[in-house]
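I have placed the structure first, in the form of structure tokens, so that the comments after it can refer back to it.
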Amino acid sequence: MDTAFDPIVGDNPRVLILGSMPGQTSLQDKTYYAHPQNAFWWIMAQLFQIDFDASYAARCQDLKREHIAVWDVLRQCVRPGSLDSAIERNSEVPSDIESLVNSHPGLRSIIFNGGTAQRLFKRHQAKLFNSKDLRFCLCPSTSPAYASMPRATKLAHWQVALQAALS
């Protein structure tokens, strides 16, 4: 069974970006979005003053500075390989997102990094999904498995979502 990481979260996050579960490259490196073809860090570098080539720790600090938290909907699951479609439903153990939201009252928006993250959230966090205190937005997955959409198009979607969430 694969186990996800603790969230990247600073003192006053306003936006929580949720993925489904780290892929194999990320699990091996113990870093979010570690696959070289994943567009997440590239998109963050384009939208904020984040040095794409900086250390992982520095990039995480930069996200915190921008009031952005990152986590995954699932804390644990069985998934052969990295494809979300391979997650074994009966093995899903959700992250305690409700506690994170409750302990950070300034957090007002959740952005889903892909449709699987949104579906898993609805399945495991229905109470939060119905909250009137949170705004939700689905963005295209930054995963290399979702290669049918060009990076520039993904960037445009993420830019709109993050501008709305941080305004």
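The values are calculated or read from the model by the stated rules, or taken from the named source; none is laboratory data. All values derive from a computational prediction rather than experimental measurement. Cβ: placed from backbone, ideal geometry, glycine included. Neighbour counts: every protein chain shown.
Quick check on this structure: which one of ALA4, ALA69 is under 24 Å from ALA152 (Cα atoms) and in contact with a strand residue (DSSP E or B) (Cβ under 7 Å, 6 or more places away or on another chain)? From the options ALA4, ALA69, the qualifying one is ALA69.
One residue stands out among those in the range 1-25 that are surrounded by 22 or more Cβ atoms within 10 Å (Cβ to Cβ) and of a type outside the set (A, V, I, L, M, F, W, C): the one that is nearest to THR116 (Cα to Cα), which is SER20.
Out of ARG119, ARG123, ARG108, one residue alone is modelled with pLDDT of 90 or more, among the basic types (Lys, Arg) and within 20 Å of ARG14 (Cα to Cα). It is ARG108. The residues of the range 35-64 that are more than 26 Å from LEU128 (Cβ to Cβ), at pLDDT 95 or above and crowded, with 16+ Cβ neighbours inside 10 Å, listed by number, are ALA39, TRP41, TRP42, ALA45, ARG59, ASP62.
Summed over the range 20-38, the residues that are among the charged types (D, E, K, R) and farther than 24 Å from HIS124 by Cβ give a count of 1. Restricting SER99, SER131, SER95, SER103 to residues that are under 16 Å from the mean Cα position of the chain (by Cα) and within 23 Å of ASP11 (Cα to Cα) narrows the list to SER95.
Taken as a whole, the range 79-91 holds no residue that is touching a Lys or Arg at 6+ places or on another chain (Cβ under 9 Å), under 15 Å from VAL15 (Cβ atoms) and acidic (Asp, Glu). Among residues of the range 18-46 that are under 24 Å from ARG108 (Cβ atoms), those with a beta-carbon under 7 Å from a residue that is in a helix (DSSP H, G or I) and among the small types (Gly, Ala, Ser) at least six positions away or on a different chain give the pairs LEU18/ALA117; GLY19/ALA117; SER20/ALA117; TYR32/SER26; TYR33/SER26.
Scanning the range 33-50 for residues that are part of a loop (DSSP other than H, G, I, E, B), within 21 Å of GLN163 (Cα to Cα) and more than 14 Å from the chain's Cα centre (by Cα) yields PHE48, GLN49, ILE50. Only a single item in (1) part of a loop (DSSP other than H, G, I, E, B); (2) out of contact with any Cys (no Cβ under 8 Å at 6 or more places or on another chain) is not met by MET21, and it is number (2). Restricting the first member to the range 133-161 and to residues that are among the β-branched types (Val, Ile, Thr), and the second to residues that are surrounded by 17 or more Cβ atoms within 10 Å (Cβ to Cβ) and part of a loop (DSSP other than H, G, I, E, B), the beta-carbon pairs closer than 9 Å and six or more apart or on different chains are THR142/TYR33; THR142/ASN38; THR142/ALA39; THR142/GLY114; THR153/PRO140.
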